[in-house]
Amino acid sequence: MTTDLLDRARGGDADAFARLVGPYRRELQVHCYRLLGSAADAEDALQETLLSAWQGLPAFEGRASIRTWLYRVATSRCM
């Protein structure tokens, strides 16, 4: 199922992308909060993370899990 969602999201399906990243949204927000120490900044970083992931999805090579890749994107946004 994840492969199907990934393929559809890469094809521009925003709903598939939302379903793909949805399970990680809350934990990514907590991760950003831990790095930034501000709920507002963490929410901004989360939004930037999701936008960056959406735009960078065609370059995702699948060598890591989606979760790992999202954490890497989130950490970069927070730094």
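The values are calculated or read from the model by the stated rules, or taken from the named source; none is laboratory data. Fair warning: this is a prediction, and the values are worked out from it, not measured in the lab. We place every Cβ from the backbone using ideal geometry, glycine too, and count neighbours over all the protein chains shown. Each accessible area value is taken on the protein alone, full model and side chains, heavy atoms only, with ligands, DNA and RNA left out. Shrake-Rupley method; radii C 1.70, N 1.55, O 1.52, S 1.80 Å.
Computed values, structure above
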{"read-out": "Descending Cα extents along the principal axes, the chain, whole Å", "value": "36, 23, 19"}
{"read-out": "Loop trypsin sites (Lys or Arg not before Pro), the chain, which have at most 11 other Cβ atoms in a 10 Å radius of their Cβ (DSSP)", "value": "ARG63"}
{"read-out": "Largest to smallest accessible area among THR3, THR68 [probe 1.4 Å]", "value": "THR3, THR68"}
{"read-out": "Carbon plus sulfur fraction of accessible area for the chain, probe 1.4 Å, in percent", "value": "49 percent"}
